[in-house]
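Notes to accompany the following structure.
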Amino acid sequence: MGGVSDGAPRGLDGGTHEGRDDGGGEEGREFTMRLRTWQRMMIGGVCLGLGTLLAAVQIEIRVDQPGAPIAPTMWGVFFEDINYGADGGLYPERIKNRSFDFPEPLMGWSVVRLEGSEGDVATTAEEPAQTVRPRYVRVRSTSPRGGLGVQNEGFFGIAVQAGAEFDFSVRARSRDVRPPVLRVELVAPDGTLLDSRVLRGVPAEWGELSCRLIPKARELKARLNLVVEGEGSVDLDEVSLFPRDTWAGRRGGLRRDLVQWLADLKPGFLRFPGGCIVEGRHLETRYQWKNTVGPIGGRPLLVNRWNTEFKHRPAPDYYQSFGLGFMEYFQLCEDIGAAPLPILNCGMACQFNSGEVVPMSQLQPYLQDALDLIEFANGGADTEWGRRRIEWGHPRPFGLKYLGIGNEQWQQDYLERYAEFARVLGARHPEIVLISSAGPGPDGPHFRFAWPRLRELKAAIVDEHCYDGPRWFFDAAGRYDQYDRQGPRVFMGEYAAQSVRTGSPENRNNWECALSEAAFMTGLERNAEVVVMSSYAPLFGHEEGWQWRPNLIWCDGLRSYATPNYYVQQLFSRNRGDHLLSVQVTGQAPATSREPGLYVTACRETRTGEVILKVVNSAPEPRRAHVRTVGQGAVASRGTVTVLTAAELSEENSLEAPRRVAPITSRLEGISDFWAHTFPKQSMTVLRWRAGR
Ligand code: AHR
């Protein structure tokens with residue numbers, strides 16, 4: 001046995017996390033402040049630790065007894081188009097209602113008259129460019145000078161960076177003998193012209209005109225003008241303004257900073273497209289994946305179910321363009337190395353809304369959608385949907401393995417439908433692992449009704465959801481300790497601590513919520529035999545366009561930041577390990593919301609030979625612990641320590657202070673097979689060191 005060393009961190013490694021706002025100065029100051037706070041807490045901890053040496057908690061880790069494997073899918077990401085997460089968020093098309101097919105055809109648009117031009121602007125569907133989104137706008141300018149046209153407001157404004165390149169395109173037609181020219185302009189709210197181009201050669205039949213715009217200044221609230229100059233009549237449809245700067249530089253691709261946040265999580269899976277959006281408020285408006293693939297113009301528009309969900313946050317202009325559809329979701333999974341986890345409608349609309357249910361005798365189209373999706377993702381050129389995937393640019397299969405049947409469904413209606421999906425898909429595709437629903441909450445009648453039946457049905461993985469206060473999360477770290485090891489596995493598919501209550505617009509992404517999630521997640525990891533997947537929800541929130549909070553990542557049109565909750569997720573997923581290690585904590589009662597203390601879990605990463613010890617200290621003072629490593633082989637004297645904490649439980653990150661609560665990694669010396677470490681008050685700590693063979 002070696003001596004007791006303090007194992008205090010020695011020097012910072014500079015950190016690996018980049019701020020993603022424009023305000024580097026503020027961030028630098030904030031980082032220094034946080035560092036000082038943290039150092040003070042550590043020094044306090046050391047003093048207190050010396051005083052309480054004999055009373056310290058003991059953490060004993062058995063390196064020679066690797067436990068259950070930790071599934072590669074353990075820590076994943078849940079995506080839903082809520083809070084303008086897709087259009088206006090991850091999918092960076094700047095033009096809202098680009099094909100004039102919202103029920104109010106000019107929503108997002110207004111008429112512009114330059115120099116008092118005369119004429120009229122109206123929408124019609126006569127001889128359309130295409131039939132899926134048939135409506136377009138006709139601009140008839142009757143003044144020889146000036147210009148008449150339409151202006152688009154974008155998603156909470158059109159956000160542009162100075163000098164960035166944007167591809168503009170429009171489908172246009174003019175039956176005039178001498179068609180007029182079009183002017184495209186980006187203008188700031190004060191009227192400053194940011195860039196402008198003239199488009200000539202409007203064709204007599206529908207054709208695309210395009211140009212590049214390069215704004216001369218940064219602006220979050222720009223507008224786009226599309227104007228017919230002089231006299232003439234032009235039909236306009238499918239207007240697009242798309243940044244060149246996208247993830248992986250793909251034309252029409254996803255927003256780079258937002259995908260980067262996901263990639264930085266190294267998630268085990270990506271669940272898409274939700275959430276309640278899968279179900280729709282009515283069956284007619286359910287999510288249908290086949291409508292979201294193929295050429296973009298052929299993807300029919302659909303109302304977003306969050307459009308009218310919350311009276312306190314109405315979003316009448318919230319529709320799904322499906323620029324981000326199933327092809328893009330699969331591509332995203334591939335890009336960030338996450339297993340795809342699509343969730344399909346099981347013949348039931350949202351039971352919080354209409355609760356419409358398809359009769360069992362009419363379930364076939366829903367089953368067929370599932371079969372076709374498997375073919376689309378995994379099939380070869382000899383299959384109908386595999387061939388389409390190849391034609392649309394992705395020859396390699398996407399390697400689909402998991403499929404969710406229904407979102408938050410409950411009662412007998414669901415179980416009957418799930419059983420039918422399981423029967424049909426099990427026979428045709430035994431290689432696909434199905435995920436079933438335990439209802440909307442982590443307990444209660446629906447939950448208790450579902451579980452025994454799902455066990456009887458030999459369900460593979462059951463999706464549990466939990467939105468509750470921090471106290472629930474502090475108290476639920478032991479939730480899975482008693483779960484049947486032989487029964488279905490668990491997917492904690494949606495969870496987030498609510499600082500006020502579920503659905504409250506006052507909920508905050510504060511440190512208390514994140515800390516309670518961290519405590520809970522130690523319980524998920526300790527039960528890796530049972531829990532094989534988990535994801536925080538929802539993922540994105542637009543600062544101006546949210547309906548629901550809290551969310552993992554917040555953004556505006558250009559900037560984004562990660563919440564303390566994100567950093568908790570990241571610390572778990574970037575320190576996943578592959579096997580649990582047996583760990584015993586003595587010298588304290590199991591921590592709860594009433595009796596705060598240390599929540600502990602340990603695992604091993606075979607690749608590096610490292611022990612990974614995660615400790616959440618929920619107590620309002622530092623806690624010292626002796627760490628004993630038992631097993632074969634030597635223990636390295638050096639490792640790393642990463643600490644995530646905040647001066648107050650109420651602290652949050654924001655666009656202005658994006659890293660107020662963010663992890664700090666340092667080198668750690670003085671490790672041995674029996675050493676001491678002080679865990680700062682209300683903190684999460686990840687310790688890594690090499691031990692054993
Ligand atoms: O995450 C927000 C919503 O909460 C999801 O759409 C739904 O599944 C849950 O009720």
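Laid out as a table, the results:
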| read-out | value |
| --- | --- |
| Computed [θ] at 222 nm, helices only, for the chain once each DSSP H run of length n ≥ 4 contributes -39500 (n - 2.57) | -6000 deg cm²/dmol |
| Stretch in the chain that is longest and holds no GluC sites (Glu not before Pro) that DSSP places in a loop and that have at most 10 other beta carbons within 10 Å | 206-430 |
| Acute angle (nearest 10 degrees) that the helix 326-336 long axis makes with the longest principal axis of the chain, alpha-carbon atoms | 40 |
| Between helix 564-573 and the chain: long-axis angle, C-alpha atoms, 0 to 90°, nearest 10 | 70 |
| Pair K401, R250: separation of 7 Å Cα→Cβ label points (nm) | 2.2 |
| Under 21 Å from the Cα of K681 - lysines, other chains or at least 8 residues apart | K614 |
| Projected area, mean over directions - segment 394-456, Cα convex hull, nm² | 5.2 |
| Inter-centroid distance (Cα atoms) of segment 638-663 relative to segment 406-461, Å | 39 |
| Ranked C333, C346, criterion: other C-beta atoms within 10 Å, fewest first | C333, C346 |
| C-alpha long axis of helix 511-526 to longest principal axis of the chain, angle in ° | 70 |
| Rg and Dmax [Cα atoms of segment 59-128; Å; Rg one decimal, Dmax integer] | 26.4, 84 |
| Separation of alpha-carbon centers, segment 230-265 and segment 464-503, rounded to whole Å | 38 |
| Additional length obtainable on full extension of the chain from D484 to K290, 0.36 nm per residue less Cα span | 66.0 nm |
| Distance between modelled label sites at E118 and E416, nm, 7 Å Cα→Cβ extension | 6.7 |
| Residues whose placed amide H lies under 5 Å from that of L194, excluding near-sequence neighbours | L186, V187, A188 |
| Where trypsin sites (Lys or Arg not before Pro) fall in DSSP loop in segment 323-426, at most 14 other Cβ within 10 Å | none |
| Reachable lysines, given that their alpha-carbon falls under 24 Å from the alpha-carbon of K290 and they are not under 8 places away in the same chain | K96, K401 |
| Ellipsoid equivalent to the chain - semi-axes via the Cα gyration tensor, in Å | 49, 31, 20 |
| Cross-link reach list, aspartates and glutamates versus K311, counting only Cα pairs under 15 Å and skipping chain neighbours closer than eight places | E506 |
| Low-density loop positions, chymotrypsin sites (Phe, Trp or Tyr not before Pro), segment 352-436 - DSSP coil, at most 15 other Cβ in 10 Å | F352, W392 |
| Rough spin-label spacing in nm, given labels placed 7 Å along Cα→Cβ, for Q130 and R212 | 2.5 |
| P(r) weight above 15 Å for segment 575-638, C-alpha pairs, percent | 58 |
| Extension gain (nm, one decimal) between N353 and E669, 0.36 nm per residue minus Cα-Cα | 108.1 nm |
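Throughout, read-outs are computed from the coordinates displayed, never taken from laboratory work. What you are looking at is a predicted structure, and each value in this text was computed from that prediction instead of being measured. A quick note on method: Cβ atoms are made from the backbone with ideal geometry, for glycine too, and the neighbour counts reach across all protein chains shown.
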